[in-house]
Amino acid sequence: MFLINLTKSLPAVAWAALAVTLSAQSGGPAVLQIKADQVAAQVSPLLYGLMTEEINFSYEGGLYAELVRNRTFMEDAKEPVHWKLVQENGGAGSMALDPSRRFNTAIPTSLKLTISKASGNQRVGIANEGFWGIPVRPNTRYRASFYAEAAPQFKGPLTIALVSDDGVTVQASARVGRITETWQRYEVFLTTTDAPVSAANHLLISASKPGTVWLSMVSLFPPTFANRPNGNRQDIMQLLADMKPAFLRFPGGNYLEGNTIATRFNWRNTIGDISRRPGHMNDAWRYWSTDGMGLLEFLEWCEDLNMQPVLGIYAGYSLNRQGEQRVAPGADLEPYVRDALDEIEYVTGLATTPWGQLRARDGHPAPFPLTYVEIGNEDQFDRVGGGTYDARFTQFYDGIKARYPRLQFIATTNVTTRVPDVIDEHYYRNSEDLMASTAHMYDTRPRTGPKVFVGEWATRVGSPTPNMSGALGDAAWMTGMERNSDLVIMSSYAPLLVNVNPGGMQWKTDLIGYDTLTSYGSPAYYAQKMFSLYHGDLVLPIAAQGVPTRLWQPPTPSGRKGPDGAPPATPPQAPAPQQVPTLFFNATLDSKTHAIFLKIVNRESTPQPVRIEIGGVSALDPKGQSIMLSASSPDETNSITDPTKIVPVVTSIAIPGTAFTHTFPPYSITVLQMKGR
Ligand code: AHR
């Protein structure tokens with residue numbers, strides 16, 4: 001008979017201690033004694049989620065499927081960057097930004113195309129280079145659109161075409177007849193036939209008759225995930241869907257805060273018709289954002305992948321770290337609290353509320369579910385004059401709680417005047433050993449305070465995406481989060497996405513890489529997918545003996561600089577070397593199916609035999625399953641040219657009884673799935 005003591009009631013602090021007991025190395029193989037009839041903790045259903053922001057061309061030239069770069073000519077005030085004038089067969093003309101001919105109040109400029117000479121086969125036009133090219137695939141239907149207004153003598157037609165960069169092949173084209181003298185939207189479909197897959201293409205809008213025409217909001221979308229208009233790239237969405245994430249933390253990160261208050265993520269400018277969104281300079285990560293990926297698009301992304309939104313609220317602190325980039329708590333901050341209340345109403349309000357009505361106008365009458373709001377981002381950096389986060393948090397908390405009593409509040413650092421429901425902690429580690437050395441840190445954390453959201457974390461080894469060493473550090477760390485999931489209720493790796501084209505990356509070591517045509521998951525991506533897909537709802541206690549370790553020299557801290565950046569007065573001392581485990585593990589049980597998931601991370605360069613003893617079950621199903629990710633060296637990795645070098649391998653395994661020895665290969669992450677009887 002399979003018995004689980006679900007009603008066990010322990011003082012909170014004892015739970016994690018029960019979850020893992022480590023004894024010193026014995027010389028023989030490690031022994032893990034798992035008690036399948038006891039419960040050390042519950043696994044939070046929200047443990048594995050996603051964190052996202054506009055970094056590394058995550059949306060622009062990434063997930064957001066728009067293929068035209070600088071579609072409203074707002075990216076640069078002087079030049080129509082990413083556009084070129086095309087003059088074919090002796091045709092002549094010019095192009096220039098024309099702020100005197102504004103498109104609308106949000107987009108106070110346009111592009112003026114003057115065709116001075118064109119007849120017969122002569123053509124003049126503008127070409128957009130896309131984001132590192134424009135992807136062309138066979139038998140594919142692209143939605144092309146633009147706004148135009150013509151000078152009286154110019155009547156068109158305009159031709160819009162996908163053309164190979166060598167100018168040889170027109171991949172698809174369409175004609176737009178009469179262009180009116182006031183701004184109008186024109187939409188056509190460009191359908192390729194047997195075009196080979198390629199990225200070296202541009203979008204060309206051209207004419208063969210003289211005249212002047214102004215253009216704005218030139219857009220090109222390939223088929224999108226779930227066919228959403230203004231939607232997302234299919235391949236990247238599929239990689240994310242495959243992780244089965246429980247939530248999405250958005251819109252940042254530094255991107256939420258901006259370097260200045262004016263360049264924060266201002267949600268109001270990100271909703272409604274995309275042709276009326278001004279966009280903004282993403283100065284935190286130094287490139288333009290169209291805000292095509294706006295508040296509603298984040299929410300629809302959640303809807304498409306069945307994720308809960310975790311809404312980051314701008315909390316009056318921007319990154320310049322100067323006094324003037326903070327909003328003082330009190331009267332100055334009140335408009336920002338009201339702004340947050342409007343934002344929450346846009347997300348959750350019925351279509352009869354003022355902001356809910358706007359959301360309905362934008363195409364989504366049904367309110368979105370919302371449980372968690374996060375007030376700010378990394379506000380521990382607000383230190384000048386002792387910092388203002390406590391007071392800012394309190395003001396947001398009180399203002400929002402009064403209207404939305406059921407919302408849960410996430411603080412980004414410790415606060416004393418109110419009790420947040422959750423604290424967001426961030427851990428970026430520059431080596432596998434460093435990450436692994438902290439993997440047990442939550443085992444002894446008292447359970448008396450708020451719950452923890454590890455909202456950003458990563459073993460930063462490998463670039464642009466983590467290698468196997470990164471994945472091993474991550475997996476060691478994840479065994480600790482999962483084991484302590486009564487405390488760590490949510491987690492999300494960061495950054496999530498990187499465009500691997502030259503100049504695409506601002507932050508090295510990102511979970512998923514892509515270029516214009518394809519995308520891939522890093523070994524760390526697959527490690528996370530394994531953790532997210534294969535776990536139960538209850539943590540089982542494990543007593544372990546003989547866990548192997550290796551000697552590791554922790555890095556010397558950089559030390560506090562003196563005034564004006566002078567080197568520290570006393571040079572920092574190297575910490576003492578320490579032993580770090582090379583074997584990490586945890587076990588969970590699915591209380592409905594009785595599946596046991598034993599996760600083992602072997603960081604050693606040699607195979608590790610491990611004696612596994614499962615108590616509290618009378619027998620185990622003789623057939624089990626192993627899901628294993630391994631590499632021949634810690635440096636091995638996946639890349640855009642070798643995307644699936646390291647992927648999990650699923651095999652059936654024989655489970656000889658409730659006690660057996662299994663050998664785990666070098667540099668491996670394994671889930672053994674067994675079933676108790
Ligand atoms: O993930 C990259 C950055 O790291 C985030 O924007 C910020 O929150 C953290 O400092």
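For the residues 483, 603, what sequence is obtained by ranking on other C-beta atoms within 10 Å, fewest first? Mind showing how you got there, number by number?
On the way: 483 31, 603 26.
Listing 483, 603 from fewest to most nearby Cβ atoms yields 603, 483.
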Query raised in the report: If you stretched the chain out fully between residue 303 and residue 102, how much longer would it get, using 0.36 nm times the residue separation minus the C-alpha to C-alpha distance?
Result: 68.8 nm
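Sort 515-525, 499-509 by packing, meaning the average of other beta carbons within 10 Å per residue, with the highest value first. Before the final figure, lay out the partial values.
Numbers: 515-525: 23.5, 499-509: 18.1.
Highest-to-lowest ranking by the protection proxy: 515-525, 499-509.
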Requested in this report: Determine the alpha carbon to alpha carbon distance for each of 244/599; 599/623; 645/675 and list only those over 20 Å.
Outcome: 645/675
Query raised in the report: From the phi of every residue in segment 299-312, what ³J(HN,Hα) in whole Hz does the Karplus formula 6.51 cos²θ - 1.76 cosθ + 1.60 yield, where θ is phi - 60° and glycine or proline is x?
Result: 5, 5, 4, 4, 4, 4, 9, 6, 10, 7, x, 10, 8, x
Requested in this report: Pull up the DSSP beta bridges for the chain and report the antiparallel fraction as a percent, rounded to 5.
Outcome: 70 percent
**Report entry** FRET efficiency, 1/(1 + (r/R0)^6) with R0 56 Å, evaluated for residue 151 and residue 633 via beta carbons
**Finding:** 0.30
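Ranked highest first by average number of other Cβ atoms within 10 Å, how do 387-396, 243-252 line up?
Numbers: 387-396: 21.5, 243-252: 23.5.
Result, highest mean Cβ count within 10 Å first: 243-252, 387-396.
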Report task. Can you work out the PRE-style zone for residue 414? Point 7 Å along Cα to Cβ, and I want the residues of segment 448-486 with backbone N under 20 Å. Result -> 448-456
Requested in this report: Inverting the mean 1/r over all pairs of different Cα atoms, compute the Kirkwood radius of the chain and quote it in Å.
Outcome: 27.4 Å
Query - Pairwise centroid distance, computed over Cα atoms, of segment 218-263 with segment 401-420, Å - result: 27 Å
Query raised in the report: Is it possible to state the helix-based mean residue ellipticity at 222 nm for the chain, with each DSSP H run of 4+ residues giving -39500 (n - 2.57), the sum divided by total residues, to the nearest 500 deg cm²/dmol? What is it?
Result: -4500 deg cm²/dmol
Requested in this report: Provide the per-residue ³J(HN,Hα) series for segment 265-272, in order, calculated from phi with Karplus coefficients 6.51, -1.76, 1.60 and θ = phi - 60°, each as a whole number of Hz, with x at glycine and proline positions.
Outcome: 6, 9, 4, 4, 7, 10, 10, x
Query raised in the report: Amide H to amide H under 5 Å from residue 86: which residues, 5+ apart in sequence or cross-chain, H placed 1.01 Å off N in plane?
Result: 125, 126, 127
Report summary line: Each label sits 7 Å from Cα toward the beta-carbon; between residue 640 and residue 119 the label points are separated, in nm, by 4.6 nm
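What is the local net charge at residue 245, summed over the other residues whose Cβ is closer than 12 Å to its Cβ (Lys, Arg +1; Asp, Glu -1)?
Values: positive: 244, 249, 529; negative: 242, 304.
Summing Lys and Arg as +1 and Asp and Glu as -1 gives +1.
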Query raised in the report: Relative contact order (percent) for the chain, with alpha-carbon contacts under 8 angstrom and 6 or more residues of separation?
Result: 17 percent
**Report entry** Dipole of segment 266-399, positive direction: furthest Cα of 302, 333, 368, with charges on the beta-carbon
**Finding:** 333
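Calculate, for residue 384 and residue 244, the FRET efficiency according to 1/(1 + (r/R0)^6) with r their C-beta to C-beta distance and R0 45 Å; round to the nearest 0.05. Let's see the in-between values first.
Values: r = 42 Å, r/R0 = 0.93.
For residue 384 and residue 244, the calculated efficiency is 0.60.
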Query raised in the report: HN-Hα J couplings of segment 401-412 from phi, Karplus 6.51/-1.76/1.60, θ = phi - 60°, integer Hz, Gly and Pro as x?
Result: 4, 4, 8, 10, x, 8, 5, 9, 10, 9, 9, 9
Report task. Pull up all non-local amide H partners of residue 374: gap of 5 or more, or a different chain, and H-to-H distance under 5 Å with H placed in the peptide plane. Result -> 311, 312, 313, 410
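Could you sort 530-537, 98-105 so that the peptide with the highest average Cβ count within 10 Å comes first and the rest follow in order?
The most tightly packed comes first, giving 530-537, 98-105.
Under the definition of Cα pairs under 8 Å and six or more residues apart, what whole-number percent is the relative contact order of segment 396-508?
Computed over segment 396-508, the figure is 25 percent.
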Query - Under-5 Å amide H pairs with residue 639, H placed in peptide plane, nonlocal only - result: 644, 645
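For the pair residue 403 and residue 181, what calculated FRET efficiency results from E = 1/(1 + (r/R0)^6), where r is the Cβ-Cβ distance and R0 = 56 Å, to the nearest 0.05? Before the final figure, lay out the partial values.
On the way: r = 48 Å, r/R0 = 0.86.
Calculated transfer efficiency: 0.70.
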Query raised in the report: Binning every alpha carbon pair distance of segment 340-398 at 5 Å from zero, what are the percents per bin?
Result: 5, 17, 21, 14, 13, 11, 9, 7, 3, 0
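Computed from the coordinates by the stated procedures, all read-outs in this text should not be read as laboratory data. The structure presented is a predicted model; accordingly, all values stated were derived computationally and were not measured. Backbone-built Cβ (ideal geometry, glycine too); neighbour counts: all protein chains shown.
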